[in-house]
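Just below is one structure, and these are the notes that go with it.
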Amino acid sequence: MTVQSPDIGKAILGLGSSAIGTLVERTTRFTMLLHLPRLDGHGEAPRSRNGPALAGHGAEAVRDAITRTIATLPTELRRSLTWDQGAEMAQHAALKIDSGIQVYFCDPQSPWQRGTNENTNGLLRQYFPKGTDLSAHSAATIAAVAATLNARPRKALGWKTPAEALDQWLMKRKTDPVATTV
């Protein structure tokens, strides 16, 4: 989702390599969380070379979650996605085809290139502390946390909430004239 700058994404990890994906629009700080349930049978079989994903959530699950989430957005918000270089984005080419968005990657070991996302992930740790099993949370719980974050006023937005900032941008887009006459 892009308003004036690219969306940034990352997966936060919890106990047993459980994960929640995050998508944050940089300009409005609007946050969407991706429910990433564990793969069926994760951790039941011994590890094997080229076996199932060790993280418990595969690149296919991440791709599907992003595609589902992006599909709910208005077309003008679907432009690009910037992600770190984690293995969860191994299917980025298929994501580009499925969702129609361009995918970019940050340089390795460069968290400052996605500072808004790192800050948001820090805020998420208030709800999902490190060391907790993130797979124990339902999609509804994760959506409620996203709604709470989007209703939280931000200094960077002139004390507007991310939801208000996004709504204002969308309303402005609807009223912008296509052409003018002199």
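Of all residues in region 57-79, those that are over 11 Å from L95 (Cβ atoms) have Cβ atoms under 8 Å from Cβ atoms of residues that are part of a helix (DSSP H, G or I) and of a type in the set (D, E, K, R), 6 or more apart or on another chain, in H57/E88; G58/E88; E76/R173.
When we screen Q85, Q113, Q109 for residues that are surrounded by fewer than 19 Cβ atoms within 10 Å (Cβ to Cβ), touching a Phe, Trp or Tyr at 6+ places or on another chain (Cβ under 6 Å) and either modelled with pLDDT under 90 or of a type in the set (S, T, Y) (or both), the only hit is Q85.
Just give me the residues in region 88-103 being modelled with pLDDT of 85 or more and in contact with a His (Cβ under 9 Å, 6 or more places away or on another chain), in sequence order. Scanning region 88-103 gives a single hit, V103.
Among helices (runs of 4 or more DSSP H) entirely within region 69-182, having at least 1 residues that are farther than 16 Å from L23 by Cβ, acidic (D, E) and over 16 Å from the mean Cα position of the chain (by Cα) singles out 162-175.
The values are calculated or read from the model by the stated rules, or taken from the named source; none is laboratory data. Computed from a predicted structure; not experimentally measured. No Cβ is skipped: glycine too gets one built from the backbone with ideal geometry, and neighbour counts run over all protein chains shown.
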